[in-house]
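Derivation of every value follows stated rules applied to the coordinates shown; laboratory data play no part. Computed from a predicted structure; not experimentally measured. Ideal geometry is used to build each Cβ from the backbone, glycine not excepted, and the neighbour counts take in all protein chains shown.
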Amino acid sequence: MKNKKIEQLDKLQIKNRITVLAGPTAVGKGSISEQIRKLDKKAFVSVSYTNRKLRPGEVNGVHYNSISENEFQKLVDEGEILEWAKVHNQYYYGTPLDPVIKAVKDGKKVLLEIDLQGARSIRRLLPHARFIFLAPPNFDTLVERQKIRSTEDFDEQLRRLETAKVEMQSEGEFDYVVINDKLEDAVKEVEHLMGLK
Ligand code: 5GP
């Protein structure tokens, strides 16, 4: 059953649409949302809950809200999460509901940087949202970017690339496809689609 708050959120956002940015692992979604968070005062980039350990350079409360699996489950049970998913069959990630409602009410342009499962949930829950798929110029680029990042061990990298192969086939489900060849161009395109510039 749809949470009442989510129903209201969908009505609220008809004029000022929420944007979903999805796409395979290491394609650069994080870099794009980081730029938008820093540069655009009119944007609200949602900070997800996760039980994955933070990477070096990630700041709790800025890039993710780091919590335990039990805490995560409690928030889901209490209806505090807009959407959530177990990503790469491993960790839980979820979008906090209240901050998104507040941002929409404040007239901010909301960006949700989430995985494909999350994008599909949002399509069902908030059909008025705007959906962007961020694609790499080609699959080899993705493999290279994943290797360069090298914050994950080898098994984790393989798991992520397996998910990426499946995710790459979902492009057609999105309203827009942005190719992340040069980061600054991709940022501009996403800003434009969000109605920021
Ligand atoms: P990472 O561990 O690389 O930060 O994120 C792994 C995947 O989880 C990425 O595809 C990222 O977009 C996705 N993700 C991050 N936050 C959320 C969220 O709140 N919900 C969902 N469904 N996916 C998320």
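Some values worked out for this structure:
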{"item": "Complete set of residues in the stretch 93-149 that are over 22 Å from Asn65 (Cα atoms), crowded, with 18+ Cβ neighbours inside 10 Å and small (Gly, Ala, Ser)", "result": "Ala129, Ala135"}
{"item": "Verdict on Ile101 being touching a residue at least 24 places away in the same chain (Cβ under 8 Å) and more than 14 Å from the ligand (Cβ to nearest atom)", "result": "yes"}
{"item": "Residues of the stretch 86-102 satisfying the condition of being in contact with a Lys or Arg (Cβ under 9 Å, 6 or more places away or on another chain) and under 27 Å from Asp155 (Cβ atoms)", "result": "Val87, His88, Asn89, Gln90, Tyr91, Tyr92, Tyr93"}
